[in-house]
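None of the figures in this text is laboratory data; all of them are computed from the coordinates on show. These numbers come from a predicted model, not from an experiment. Cβ placement follows ideal geometry from the backbone for every residue including glycine, while neighbour counts extend to all protein chains displayed.
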Ligand SMILES: Cc1cc2nc3c(=O)[nH]c(=O)nc-3n(C[C@H](O)[C@H](O)[C@H](O)COP(=O)(O)OP(=O)(O)OC[C@H]3O[C@@H](n4cnc5c(N)ncnc54)[C@H](O)[C@@H]3O)c2cc1C
């Protein structure tokens, strides 16, 4: 029996797409920069079906590519242009919310659940699932775990990794590894779930997870702040941390050009301040009580910062609608940048104390290398994670002589500066296809050798997501 016929027998008519037009949206990444071919799209509805699909592919040595909401920003969720066409396993039919345990503060969900649906289910139970990012309406829990997604709440609640308690994973031979437990403590040797978190589909297919829930804050204060320099924003971060401790839940930074692109390219977005500032900060404080008291405390912080000359202007959201409007600006940046031109997104993190130097040196380096590039900067400043983006209008991009080489050179220049400041080239997006060269450049040979050993142990035939995460010589 052919592989397609065998898959059809396992998955039924709803579970397999072989028509090329129907497959098309799942063969191209969110930004439209990567595209490849697949044998078919398998859409399993159960873990058992995932096991069977993997078993069938392994028997015929056909590569397997796990796909969630296909919102990844590093080309990891679509086939590469070269190499044998894989079977894509798309998890979208596996979206059952199995169980909320409000005593243990945990929720058990299928990997295909959309992140926003999990947040909503938690909220209805008076709890918070804190992982939150611009793509939350379409990315899946499995994708966020496979990429160890960050987002806007890392400052307070940690990355996805810190919010996963248990996992179920289909291994490369089609067998199942399951530790679907909601334990906070379990010192029984290697914590295997952490191998799969952030592994970008190269070690196993995540089919179910137990996630950590938190008390749902019932009050929040949100302000938009204009400042002159990144140094002033850094000092404001220091003061906000001192003032609010763990109730400081977000501290986001963007430059004026980023704000302009959002206002220009995304409907219904307006600048919160009446004048332009070189840099803007979005601060959120949240707690279990004291809405007015939180507003007062944030106002007091900002008034003091104004007196010190740190802050030029600020707008405090007066109600839920205004708070949401401020967050919508932040959540619109990827959409705006995609529409506005070509942004060579980087994903660096450096220690908070080095953010100013990182931005200044990167700005100088890009100006020297590509005079027609503008700089878009946006990031989760509280985590030291700045997306420093050499940005070209479509016309300026078209005028460049060798776009691919220029893109590599500009990203390398920014990543070199982050590396020299003890930083990383990939804070939250992962490696995928985009950053394979960076893995060779910046990871130590000892780290790469250990990663390769793990890959060989879990996927000896190299069938899971080949050509991703590990550079070719390590695949
Ligand atoms: C508008 C926008 C804003 C974003 N903001 C952020 C942000 O703030 N922070 C951040 O970290 N990311 C952000 N991202 C990137 C992206 O949303 C995250 O990486 C997300 O976690 C990807 O989830 P997904 O379900 O779309 O995964 P996909 O894109 O489908 O896949 C991503 C990777 O995970 C693997 N994978 C997917 N599902 C599974 C599974 N079940 N088992 C094993 N492997 C799997 C894929 O093979 C691929 O390598 C943003 C993206 C967009 C479009």
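Quick look at the values:
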item: Net lengthening on full extension, residue 299/residue 239 (0.36 nm per residue, minus Cα-Cα); result: 20.3 nm
item: Cα-based shape type of the range 262-337, given that a ≥ b ≥ c are square roots of the gyration tensor eigenvalues and the cut on a/c is 1.5; result: oblate
item: Inter-centroid distance (Cα atoms) of the range 368-400 relative to the range 414-475, Å; result: 24
item: Relative contact order for the range 97-215, counting Cα pairs under 8 Å that sit 6 or more residues apart, in percent; result: 32
item: Computed lengthening from residue 33 to residue 270, 0.36 nm per intervening residue step minus Cα-Cα distance; result: 82.4 nm
item: Per-pair calculated FRET efficiency, R0 = 45 Å: residue 306 and residue 60 via Cβ, rounded to 0.05; result: 0.10
item: Packing rank of 398-407, 416-425, where each peptide gets the mean count of other beta carbons within 10 Å, highest leading; result: 416-425, 398-407
item: Cα long-axis angle, helix 230-244 against the chain (0 to 90 degrees, to the nearest 10); result: 90
item: Förster radius 22 Å - calculated FRET efficiency between residue 321 and residue 292 (Cβ-Cβ, nearest 0.05); result: 0.80
item: Relative contact order, percent, the chain [alpha-carbon distance under 8 Å, six or more residues apart]; result: 15
item: Likely footprinting exposure, 214, 429, fewest C-beta neighbours within 10 Å first; result: 214, 429
item: 0 to 90° range, to nearest 10: angle between helix 291-307 axis and the chain longest Cα axis; result: 60
item: Full-stretch length increase - residue 175, residue 101 - with 0.36 nm per residue and alpha-carbon distance subtracted; result: 23.9 nm
item: Förster-model FRET efficiency, 35 Å R0, residue 440 and residue 188, C-beta, rounded to 0.05; result: 0.50
